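Structure record follows, encoded as structure tokens.
Taken together, the values in this text are just the output of simple stated rules run on the coordinates, not laboratory data. Values in this document were obtained by computation on a predicted structure and should not be read as measured data. In this analysis, Cβ positions are derived from the backbone assuming ideal geometry, glycine residues included, and neighbour counts consider all displayed protein chains.
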Amino acid sequence: MEAMTTEDHSGGNQYLTFNLDEEMFALPVGQVREILEFTHMTRIPQTPDYMRGVINLRDKVVPVIDMRTKFGLPSVAETVDTCIIIVHVQIEGEATMIGALVDSVQEVLELSPDQIEAPPRMGARLNTEFLHGMAKVEEDFAMILDIDKVFSSDELAILQQKAS
């Protein structure tokens with residue numbers, strides 16, 4: 001597995017952008033550990049559909065989440081651009097790693113706080129609490145994820161339990 005490691009783990013105003021179904025998302029660089037090429041995953045029975053399986057990352061078992069499935073997008077075949085972003089998340093106050101399977105990684109953007117707007121209010125029926133904000137990038141918007149809120153603590157606890 002070839003990996004790109006992020007050097008600066010503070011990543012204050014830097015965001016790694018990636019695509020899912022032609023939409024741009026972003027994560028704070030400080031939460032990104034590394035980016036891996038798509039690799040074989042071991043499927044774990046009786047896990048949610050969005051859990052693609054686990055990988056061995058330097059003798060650690062890391063659950064991999066299909067971000068398309070998690071966000072209700074249609075599945076597609078993997079391409080040469082498909083990759084796994086290894087991120088740090090908090091599960092009940094404990095730091096752990098998960099892999100986020102994405103269509104492609106784009107670039108690292110430097111965004112000042114005034115470039116990030118609050119996520120739009122969509123009413124009570126649509127949950128946007130996992131969005132930290134929206135940033136205008138050229139003619140598009142990047143949805144900045146609060147990766148700790150993408151998964152409920154119950155979901156993450158199940159994933160951690162299944163992976164260990």
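Applying 1/(1 + (r/R0)^6) with r as the Cβ-Cβ distance of ASP114 and PHE141 and R0 = 22 angstrom yields a FRET efficiency of 0.90.
Looking at region 72-120, which GluC sites (Glu not before Pro) are in a loop (DSSP not H, G, I, E or B) and have at most 14 other Cβ atoms within 10 Å? Don't jump to the answer; show the numbers that get you there.
Values: sites: GLU78, GLU92, GLU94, GLU107, GLU110, GLU117; in loops: GLU78, GLU92.
When the GluC sites (Glu not before Pro) of region 72-120 are filtered for loop state and at most 14 Cβ neighbours within 10 Å, GLU78, GLU92 remain.
Summing Lys and Arg as +1 and Asp and Glu as -1 over all other residues whose Cβ lies under 15 Å from the Cβ of GLU78 gives a net charge of -2. Spin-label model, VAL80/GLN46: points 7 Å from Cα along the beta carbon direction are separated by 4.2 nm.
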